[in-house]
Structure formats: structure tokens, C-alpha cells
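Right, one structure below, let's go through it.
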Amino acid sequence: MIDTKRHIEKTILVCYSNRKDRKHYHNYESLYELKFLAETAGADVVKFFYQENDTFDPRYLIGKGKVIEIANYVKENSIDLIIFENELSYTQLRNLEQIIKCKIIDKSNLILDIFASHARTAQAKLQVELAQLQYILPRLTKQWTHLSKQYGGIGTKGPGETQIETDRRLIKKRISILKEKLKKISTQQKTQSERRKNYYRLAIVGYTNSGKSTLLNLITKSNVLVENKLFATLDSTTKTLYVPENETYTKVLVSDTVGFIKNLPHHLVESFKSTLSEVVESDILLNVTDISTPNFEEQMAVVNDILTDLNAYEKLIINVFNKVDLLENKNIIESVKRNYKNTVIISALKKINIDALFNEIMTQILILKKRKVFNISEQN
Ligand SMILES: Nc1nc2c(ncn2[C@@H]2O[C@H](COP(=O)(O)OP(=O)(O)OP(=O)(O)O)[C@@H](O)[C@H]2O)c(=O)[nH]1
Ligand SMILES: [Mg+2]
């Protein structure tokens with residue numbers, strides 16, 4: 001029988017941290033998230049390399065000694081793939097590959113790969129292809145093309161096999177075609193969103209794997225894909241929720257959205273802006289955080305930055321702290337209640353405290369209704 005399973009790549013992870021530069025400071029914990037990402041893409045992670053200092057070596061990013069240490073490890077342990085937490089310039093990549101005889105990719109490349117394999121709808125596929133081409137364009141060299149042909153697996157998927165990337169001109173042309181196509185889809189979506197204007201709209205946002213889709217399924221009795229993987233959801237799905245109010249119901253449209261992550265590649269955020277229009281057009285955001293993660297506050301900061309970038313930070317926000325069933329240190333509950341507004345602490349999986357969430361949604365809708373009445377009377 002033919003073994004159709006793809007060769008699982010034996011992988012090591014490398015993270016460089018600069019103590020003097022906040023933007024390039026990464027703690028050791030970052031490697032665990034990178035490991036989860038790599039495993040989501042099907043890699044077998046066997047070792048971490050972490051280096052922290054005050055000045056980076058522009059030739060390799062990490063120090064030469066570290067490069068040699070990694071090169072020896074790769075040779076002795078038959079490593080197939082190295083993934084860097086940090087973004088590498090073309091020159092650094094080339095210099096590293098001259099010493100370490102192994103395929104090297106960075107986190108942006110890895111995330112693009114995961115997005116490529118999770119994209120289902122035409123829009124998501126176009127968005128991912130656009131982001132991939134924009135990533136490849138400045139890195140396009142003989143060596144890259146050579147690598148993409150030579151290796152299968154992580155870091156070489158997507159438009160890799162075609163001849164496209166051998167020619168910058170063709171890539172640029174393809175980029176403009178993709179942009180045109182995406183523009184058309186986004187015009188169609190605008191018509192759709194006009195129709196939705198009569199309803200209150202709620203968008204579920206948050207860090208990847210925080211439980212957004214689980215929550216959508218629970219509150220709207222739906223069945224969208226839930227997985228213990230990063231970026232299970234790439235497209236926004238919209239479902240209807242009827243929120244009880246006195247004797248009647250208020251119809252609310254609820255959208256699930258793509259999750260966020262630290263250092264999400266810039267091109268990817270740009271390409272996904274039309275998918276994220278759900279966030280921009282919504283009235284209320286359900287900001288879902290996995291409270292059981294030790295670095296949940298760091299994750300919230302990442303989400304806040306992206307919301308600010310989308311101009312969505314001023315919206316009514318309900319801070320939903322999820323996975324309370326996994327939380328060991330219960331003191332954290334009191335501290336989040338103190339530190340954040342409009343807080344609900346739930347478990348979407350174990351259905352804990354969901355009534356409180358509905359109450360909070362209703363409270364926010366009443367605030368919106370009052371605002372609307374106020375705006376109308378102001379205009380008259
Ligand atoms: N223990 C526990 N697990 C949960 C809870 N909510 C979600 N999960 C699990 O967390 C994992 C991720 O859930 P999803 O709903 O797919 O998360 P998501 O935020 O939509 O993830 P992406 O779409 O990948 O960004 C799944 O394995 C869920 O079963 C919860 O309240 N408690
Ligand atoms: Mg999801």
C-alpha cells in the first residue's frame with residue numbers, strides 16, 4: 001500500500017530577543033506559541049533555541065556562535081526545517097542558509113502556510129494568495145525559487161509550485177488581478193451589509209483559539225467548525241440571535257471572525273481587512289479572551305492593538321473571559337472584574353455563566369437603543 005501521509009518535518013524553533021529594543025523583545029514563552037503554530041501546520045518540533053542579548057548581529061540576527069551551534073545540531077539530528085520567531089531579511093536568510101544546511105522560514109511564512117491550508121471560501125483563498133505573493137515579492141530570488149522546487153511541505157505551499165514566482169512581473173500582474181477580484185467581492189458584501197443595517201450587529205473577536213466559534217455555536221445554536229488549532233476560522237460567518245426583551249425579542253446578527261495573534265504579518269492584516277469589515281460594521285464587540293492562558297493580558301493587548309488599527313476600539317465592548325473551567329488560580333477572576341469594564345466570565349464549552357452574558361448583551365443593546373433615540377431627536 002502506498003503511504004499517502006506527508007513526510008512530517010523534524011523541526012527546531014529559534015527565537016531571538018533584544019533586551020534594549022521593546023519591539024524585538026520576545027520572552028522564552030513565545031516559543032510555546034510558535035510550537036503550537038508549527039504543530040498546527042503539521043511539524044514535529046524537537047528543540048527550542050533562544051538567544052537574548054543587547055545587540056543583534058545584522059548578518060544573522062542571532063550571534064555567529066549560536067549559528068554554528070544550530071548548524072551542528074541540525075547536522076547531528078537530521079533536522080528538516082528551522083522556524084524563526086523573528087522576521088528575517090533576505091540577506092539574513094541567505095547568510096544563515098550558507099552555514100546551516102537546512103530549510104529556514106520565519107513566522108510570517110508559517111502563518112501564511114496555515115492560512116493557505118485553512119482557506120475555504122473564494123474570498124479567503126484570494127486573500128491568502130494576495131498576502132503570499134506580497135510576502136514573496138521582496139524575497140524573490142533564484143535561491144527562493146530553487147528552494148520552493150526542492151522542498152515540499154511547510155513554507156513552500158500556495159503559489160509555490162507554479163511558475164508565477166519566477167517572474168516578478170507576473171507576480172505584480174497577479175497581485176493586481178487579485179486586488180480587483182477582492183474589490184468585486186467586497187462591493188457585493190457592501191450590498192449585503194446594507195440589508196443588514198436594520199439589525200443590531202455583534203462581532204465576536206479575540207485571540208486565536210480563545211473559543212470564539214464555540215461561543216458563536218452556543219449562543220446561536222449553530223455548528224461552525226471548532227478545533228484545538230490556531231486559525232481554525234478564516235471567514236466570518238454570520239448567524240442570528242434572538243435576545244429576549246420583556247415580552248418580545250430583539251433580533252441580533254452575530255459574526256464569528258478570524259483570530260488574532262502576536263506579530264500577525266502586516267500583509268495578512270491588510271489582505272483580510274474586508275473579512276474584518278464585520279468588526280468595523282458591528283455595533284457591539286464580544287472580545288473573547290482565554291482566561292486560563294498565563295499570558296492572557298498580553299494576548300488582550302495584541303487584540304486591542306489590532307482593534308485600534310481597524311478603528312474599532314471605540315465600539316461598545318463586552319469583555320468575555322472564556323475557559324474559566326480551566327482556570328486554576330481563581331483570584332484572577334476578581335482581578336479581571338476590577339481591571340476591565342463590562343466583564344463576563346464564562347465557559348462556552350461547559351456552559352458556565354451564559355445567562356450573565358445574555359444579560360450583558362441586552363444591557364448593551366439597551367444602551368444602543370437609547371443612543372439611537374437620542375441621535376434622532378438631536379437631528380430633529
Ligand atoms: N476547556 C474549555 N475549552 C474550550 C472552551 N471554549 C472553547 N474551548 C476549546 O478551545 C479550542 C478552540 O475553540 P474555538 O471555538 O475553535 O476557538 P476560536 O477562537 O474560534 O479559534 P480560531 O478560529 O482558531 O481563532 C477548542 O478545542 C474548544 O473546544 C471553554 O470554555 N473551556
Ligand atoms: Mg474559530
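FYI, it's all coordinate maths here, none of it is from the lab. The shown structure was predicted, so the numbers you read here are calculated from the model rather than taken from an experiment. Every residue, glycine among them, receives a Cβ derived from its backbone with ideal geometry; neighbour counts consider all protein chains shown.
Based on the alpha-carbon gyration tensor of segment 199-379 and its eigenvalue square roots a ≥ b ≥ c, which shape applies: rounded if a/c is under 1.5, prolate if not and a/b is larger than b/c, or oblate?
rounded
Taking the Cα centre as origin and putting +1 on Lys and Arg beta-carbons and -1 on Asp and Glu beta-carbons, what dipole magnitude results for segment 199-379, to the nearest 20 debye?
With Lys and Arg at +1 and Asp and Glu at -1, about 360 debye.
Explain nothing, just compute: Karplus ³J(HN,Hα) = 6.51 cos²θ - 1.76 cosθ + 1.60, θ = phi - 60°, for every residue of segment 7-22 in order, whole Hz, x for Gly and Pro.
Those phi angles translate into 4, 7, 7, 6, 10, 10, 10, 10, 10, 10, 10, 10, 5, 8, 10, 3 Hz.
Dipole size in debye (nearest 20) for the chain around its Cα centre, Lys and Arg Cβ +1, Asp and Glu Cβ -1?
Working: 56 positive and 45 negative charges, 233 e Å.
Result for the chain is approximately 1120 debye, rounded to the nearest 20.
Once every DSSP H run of n ≥ 4 in the chain is given -39500 (n - 2.57) and the sum is divided by its residues, what mean residue ellipticity at 222 nm do you get, rounded to the nearest 500 deg cm²/dmol?
Here the helix-only value at 222 nm equals -14000 deg cm²/dmol.
Quick one: Karplus J couplings for segment 225-238, per residue in order, coefficients 6.51, -1.76, 1.60, θ = phi - 60°, nearest Hz, x for Gly and Pro?
So the Karplus estimates, Gly and Pro as x, are 4, 10, 8, 7, 9, 7, 6, 5, 9, 10, 10, 7, 10, 10 Hz.
Can you list the residues, at least 5 places off or on another chain, whose amide H is less than 5 Å from the amide H of residue 233, using H built in the peptide plane?
The answer is 259.
For segment 181-250, with the dipole built from +1 on Lys and Arg beta-carbon atoms and -1 on Asp and Glu ones, taken about the Cα centre, which of 185, 203, 218 lies farthest toward the positive end?
Checked the options; the winner is 185.
Could you list, in their original order, any pairs among 190/351; 273/351; 10/181; 35/179; 337/369 whose Cα atoms are separated by more than 28 Å?
Where the Cα-Cα span goes over 28 Å, the pairs concerned are 190/351; 273/351; 10/181; 35/179.
Enumerate the amide H contacts of residue 316 below 5 Å, restricted to partners 5 or more residues apart or on another chain; note that Pro and chain-start residues carry no placed amide H.
Close amide H contacts, sequence-distant or interchain: 285.
In percent, what relative contact order does segment 10-161 have, based on Cα pairs under 8 Å that are 6 or more apart in sequence?
Once normalised by length, the contact order is 23 percent.
Output ³J(HN,Hα) for segment 344-350: one whole-Hz value per residue in order, computed from phi by the Karplus curve 6.51 cos²θ - 1.76 cosθ + 1.60 with θ = phi - 60°, and x for Gly and Pro.
Couplings: 10, 10, 9, 10, 5, 6, 8 Hz.
I need to check one value: relative contact order of segment 199-379, counting alpha carbon pairs closer than 8 Å and at least 6 residues apart, in percent.
The value is 23 percent.
Residue 49's amide H: which non-local residues (gap 5+, or another chain) put their own amide H closer than 5 Å, with H modeled 1.01 Å from N in plane and none for Pro or chain starts?
Correct list: 13, 14, 15.
Express the relative contact order of segment 1-74 as a whole percentage, based on alpha carbon pairs under 8 Å and six or more residues apart in sequence.
Answer for segment 1-74 is 35 percent.
Looking at 118, 300, 344, which one has the Cα that reaches farthest to the positive end of the dipole of the chain (charges on Cβ: Lys, Arg +1; Asp, Glu -1)?
118
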